[in-house]
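Student: Pasting a structure below so you can have a look.
The values are calculated or read from the model by the stated rules, or taken from the named source; none is laboratory data. Predicted model only: the values in this text are computed from it and were never measured. Virtual Cβ from ideal backbone geometry, glycine too; neighbours counted across all protein chains shown. Keep in mind that these areas ignore ligands, DNA and RNA; they rest on the heavy atoms of the full protein, side chains included. Shrake-Rupley method; radii C 1.70, N 1.55, O 1.52, S 1.80 Å.
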Amino acid sequence: QPVNRFFVYEQDGTYPVGSPDAGQVRFRDRNGDGRTSFGDGYYQGSGLPRYTLNLYQQLRLRRFQVEVQLDGLFGYQLLNPTLVALDDPSGFSNNSVRTRNYWTPTNQTTSVPQPGSYPSPYLSDKALESGSHIRLSQLTIAYDVLPTGPHRASVWVGGQNLFVTGHYRGFDPNVSGGGSAPLQAGQDLSVYPVARVWQLGVRASF
């Protein structure tokens, strides 16, 4: 398998009342040996994008000028261990709102285990999220105050990283916790996100 793929286990809800592991996360027994084991794991997804997008456009109308740059990455998955911990009501850390739907004897059709459950040693396929996104990397709007003649001047306002589309619940889907290391591609190890920057400036020639 390529080194950038994830080895996961297929989560199959939680164990019902009457089971010795009632309320714990259950994984599908893919090899049919009657228990969760290494043989039940499988490779899924990829931490490296399959497609990239870059679009730059410059538009001018009378005294106005607009510059736009869009970037995108598609066809890859992300693993965020921080979100995995937040979705597990183990009692050792803060939790996300998802854990409100935790397992109880009257609420057994949920993938969230009961509070205080021991952490699973297996990586669930539900821990992976799509990283596909489009980012408005740069937007600049300029106005020519002195458009002609030997002296020219314009004012402009712009921004970087103004918005990112997609369904990733982390801060930034364009991350790699291990830098360029392929074995850690697609892992968001609490990497600080790219900042949103606003800019204001003046251009002039005399």
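Student: Where Lys and Arg each count +1 and Asp and Glu each count -1, what net charge lies around residue 147 among other residues with Cβ under 14 Å from its Cβ? Before the final figure, lay out each step's value.
Tutor: Details: positive: 60, 62, 63, 152, 203; negative: 144.
Local charge sum for residue 147: +4.
Student: Name the long-range amide H neighbours of residue 138: under 5 Å, sequence gap of 5 or more, or other chain; modelled H, no Pro or chain starts.
Tutor: 69, 161
Student: Using R₀ = 41 Å, calculate the FRET efficiency as 1/(1 + (r/R₀)^6) where r is the Cβ-Cβ separation of residue 30 and residue 59; round to 0.05. Can you show the working numbers first?
Tutor: Working: r = 54 Å, r/R0 = 1.31.
Given R0 = 41 Å and the Cβ-Cβ separation, E is 0.15.
Student: While we're looking at this one, here's another question. For residue 156, what accessible surface area do you get with a 1.4 Å probe? Give it in Å², rounded to 10.
Tutor: Approximately 50 Å² for this residue.
Student: In a shell of Cβ-Cβ distance under 13 Å around residue 158, excluding residue 158 itself, what net charge do Lys and Arg (+1) and Asp and Glu (-1) give? All intermediate terms of the calculation are to be shown ahead of the outcome.
Tutor: Details: positive: 196, 203; negative: 67.
So the environment of residue 158 carries a net charge of +1.
Student: In whole angstrom, note down how far apart the Cα centers of region 1-66 and region 146-196 are.
Tutor: Computed from Cα coordinates, the inter-centre distance equals 24 Å.
Student: Karplus couplings for region 155-170 from phi (6.51 cos²θ - 1.76 cosθ + 1.60, θ = phi - 60°), rounded to Hz, Gly and Pro as x?
Tutor: With the stated coefficients, region 155-170 comes to 10, 8, 10, x, x, 10, 6, 6, 7, 9, 8, x, 10, 5, 7, x Hz.
Student: Which loop trypsin sites (Lys or Arg not before Pro) in region 165-206, with loop taken from DSSP, have no more than 12 other Cβ atoms within 10 angstrom of their Cβ? Could the numbers behind the result be given before it?
Tutor: Working: sites: 169, 196, 203; in loops: 169, 196.
For trypsin sites (Lys or Arg not before Pro) across region 165-206 that sit outside H, G, I, E and B with at most 12 neighbouring Cβ atoms in 10 Å, the list reads 196.
Student: If each DSSP helix of 4+ residues adds -39,500 (n - 2.57) and the sum is divided by the residues in the chain, what number results at 222 nm, nearest 500 deg cm²/dmol? If you can, show how the numbers build up before the last one.
Tutor: Details: 1 runs with 6 residues, N = 206.
Helix contribution divided over all residues of the chain: -500 deg cm²/dmol.
Student: So, counting K/R as plus one and D/E as minus one, what does the shell of residues with Cβ under 13 Å around residue 138 add up to? The partial results should precede the final answer.
Tutor: Numbers: positive: 135, 196; negative: 67, 71.
Net charge in that neighbourhood comes out at 0.
Student: Sorted by average packing, counted as other Cβ atoms within 10 angstrom per residue and highest first, what order do 89-95, 69-75 take?
Tutor: Values: 89-95: 12.7, 69-75: 16.7.
Per-residue mean Cβ counts within 10 Å order the peptides as 69-75, 89-95.
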